[in-house]
Amino acid sequence: MINTNVFNHINMLNKTADASWKRNEVIANNIANNTTPGYKRKDINFEEQLRRQMMHQGRTRNLDLSRLDARVFTDNKGYSYRLDGNNVDPDTESAMLAANQLKYNALIDIMNRKFAGLKSVMQK
């Protein structure tokens, strides 16, 4: 992470991409455990933390990125649609994985464009 407020937007994008990557790992783990009796699906709550900070601070330059963390939580602990107590639907997880991968790719693309713009400015 770059330690200056000038790059807070890029740092925020980087944190979001890291959270998206972690979500890919969590979803892949959910899919791998879709036949494990008693397993409960897990997810990441990063977006809610970011939303709260953005509402409180109002701008990316004021965000305290050290307080943003992609925390894993167990989703719908008491819910199960199968007799073995597992609540993972592989079709839903696969769709979520595909959507999350698109989000991750978009974040990386945006960061690449930001750095290309910075490089262009520095070369002039």
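Tabulated data for the structure shown
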{"item": "Test result for ILE44, open to solvent by 50 Å² or more (accessible area, probe 1.4 Å), within 15 Å of LYS15 (Cβ to Cβ) and of a type in the set (A, V, I, L, M, F, W, C)", "result": "no"}
{"item": "Residue ID - most open to solvent (accessible area, probe 1.4 Å), chosen from residues in the range 53-69 that are within 15 Å of ALA19 (Cβ to Cβ) and either acidic (Asp, Glu) or at pLDDT below 80 (or both)", "result": "ARG67"}
{"item": "Any chance LEU50 is under 15 Å from ASP18 (Cα atoms), at pLDDT below 85 and either open to solvent by 50 Å² or more (accessible area, probe 1.4 Å) or assigned to a helix (DSSP H, G or I) (or both)", "result": "yes"}
{"item": "Single condition LEU97 does not satisfy, out of (1) assigned to a strand (DSSP E or B); (2) in contact with a helix residue (DSSP H, G or I) (Cβ under 7 Å, 6 or more places away or on another chain)", "result": "(1)"}
{"item": "Residue that is surrounded by the fewest Cβ atoms within 10 Å (Cβ to Cβ), among those in the range 1-23 that are among the aliphatic types (A, V, I, L, M) and modelled with pLDDT of 90 or more", "result": "ALA17"}
{"item": "Where a residue in the range 103-114 is in contact (Cβ under 8 Å) with a residue 40 or more places away in the chain and its partner, wherever it lies, is open to solvent by 80 Å² or more (accessible area, probe 1.4 Å), with Cβ under 8 Å and at least six apart", "result": "TYR104/TRP21"}
{"item": "Residue among VAL72, VAL26 that is of a type in the set (A, V, I, L, M), surrounded by fewer than 18 Cβ atoms within 10 Å (Cβ to Cβ) and in contact with a strand residue (DSSP E or B) (Cβ under 6 Å, 6 or more places away or on another chain)", "result": "VAL72"}
{"item": "Residue in the range 34-47 that is modelled with pLDDT under 90 and either under 13 Å from the mean Cα position of the chain (by Cα) or among the hydrophobic types (A, V, I, L, M, F, W, C) (or both) present", "result": "yes"}
{"item": "Residue match in the range 108-118 (condition: exposed (fewer than 12 other Cβ atoms within 10 Å of the Cβ) and under 15 Å from the mean Cα position of the chain (by Cα))", "result": "no"}
{"item": "Residues of the range 79-105 satisfying the condition of being open to solvent by less than 50 Å² (accessible area, probe 1.4 Å) and aliphatic (A, V, I, L, M)", "result": "VAL88"}
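The values are calculated or read from the model by the stated rules, or taken from the named source; none is laboratory data. As the structure is a computational prediction, the values presented were derived from the model and not from experiment. Cβ atoms come from the backbone with ideal geometry, glycine included; neighbour counts cover every protein chain shown. For accessibility, only protein heavy atoms count, side chains too; no ligands or nucleic acids. Shrake-Rupley method; radii C 1.70, N 1.55, O 1.52, S 1.80 Å.
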